[in-house]
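Shown next, in structure tokens, is the structure this report addresses.
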Amino acid sequence: MPIKSRIRTIPHHPHPGIMFRDITTLLKDPVGLRTTVQEIVKRYQSQHINKVVGIESRGFIIGAPVAYQLETGFVPIRKQNKLPAQTVGRDYQLEYGSDRIEIHVDAIQSGDRILLVDDLIATGGTAEAAVRLIREMGGEVIECCFVIDLPDAGGRKRLEQLGCKVFCLCEFDDD
């Protein structure tokens, strides 16, 4: 079952010229969701992952069942002021402006082997900030895993320049 065939494309969302890759069609399909989680778990089951870190919000949807199947913990990275306990954060640049992601200060211990998960890698700004945050906390990012890669946006190369391995289940070129 090709995962890519279960992902809907919405032209001109949220802006003209953007081809939005919508994974809600993949998630609502029980075979699609199960296959997605199984493919990721299969890749990492012998990697001795200590924690799966998911980037808000679709990274939670994929990352939590992956962590469950790997029998490890799940850690959310959220936008600023969304986590209830003490946090550490990192600012990053957007196309127009900046944003901030945060993680609980006690979420990652030095030496933890981390799998970073999100639904999609485009320009890579959020993922890069997440990698840097995890590393600042002493975690080792084993790999960054995404359902979708948009290679023309350059995010994968950006993460690889940080020394990260990147794995994606499928990719979409600009249409």
Work out how much length A64 to Q47 would gain on full extension: take 0.36 nm times their residue separation and subtract the Cα-Cα distance, in nm to one decimal.
4.4 nm
With both partners inside the chain, how many of the DSSP beta bridges are antiparallel, as a percent to the nearest 5?
40
In terms of Cα to Cα distance under 18 Å, which lysines are near enough to K51, apart from those fewer than 8 places away along the same chain?
K42, K165
Ranked list, fewest to most other Cβ atoms within 10 Å of each Cβ, for T24, T36:
T24, T36
As a footprinting exposure proxy, order I103, I142 by other Cβ within 10 Å, with the fewest listed first.
I142, I103
Most fluctuating residue given options S110, S57, S46, as computed from a GNM of the chain linking Cα atoms under 10 Å
S46
Mean residue ellipticity at 222 nm from the helices of the chain, using -39,500 (n - 2.57) per DSSP H segment of n ≥ 4 over the full residue count, to the nearest 500 deg cm²/dmol?
-9000 deg cm²/dmol
Sites H15 and L162 - FRET efficiency at Förster radius 25 Å, r taken between beta-carbons, to 0.05:
0.35
Which residue, Q109, Q38, Q86, has the most motion in a Gaussian network model of the chain that connects Cα atoms within less than 10 Å?
Q86
Please report, for the Cα atoms of the stretch 71-123, the Rg to one decimal and the Dmax as a whole number; what are they, in angstrom?
12.7, 39
Label points 7 Å out from Cα along the Cβ direction at V105 and D22: separation in nm?
4.2
Ranked on Cβ counts within 10 Å of their own Cβ, fewest leading, L27, L115 go L27, L115
Mean separation of Cα contacts under 8 Å, 6 or more apart, over the residue count of the stretch 47-171: relative contact order %:
23
Rounded to the nearest 20 debye, what is the charge dipole size of the stretch 1-96 about its Cα centre when +1 sits on each Lys and Arg Cβ and -1 on each Asp and Glu Cβ?
120
Listed residues Y96, Y68, Y44, most fluctuating in the chain (Gaussian network, C-alpha, under 10 Å):
Y96
So between R8 and Y96, what do we pick up on full extension, going 0.36 nm a residue minus the alpha carbon distance?
29.1 nm
Using only Cα atoms, what is the ratio of the radius of gyration of the chain to 2.2 N^0.38 Å?
0.99
Rounded to the nearest 20 debye, what is the charge dipole size of the chain about its Cα centre when +1 sits on each Lys and Arg Cβ and -1 on each Asp and Glu Cβ?
340
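Bear in mind that the values in this text are calculations on the coordinates, not laboratory data. These numbers come from a predicted model, not from an experiment. Note: ideal-geometry Cβ built from the backbone for every residue, glycine included; neighbour counts use all protein chains shown.
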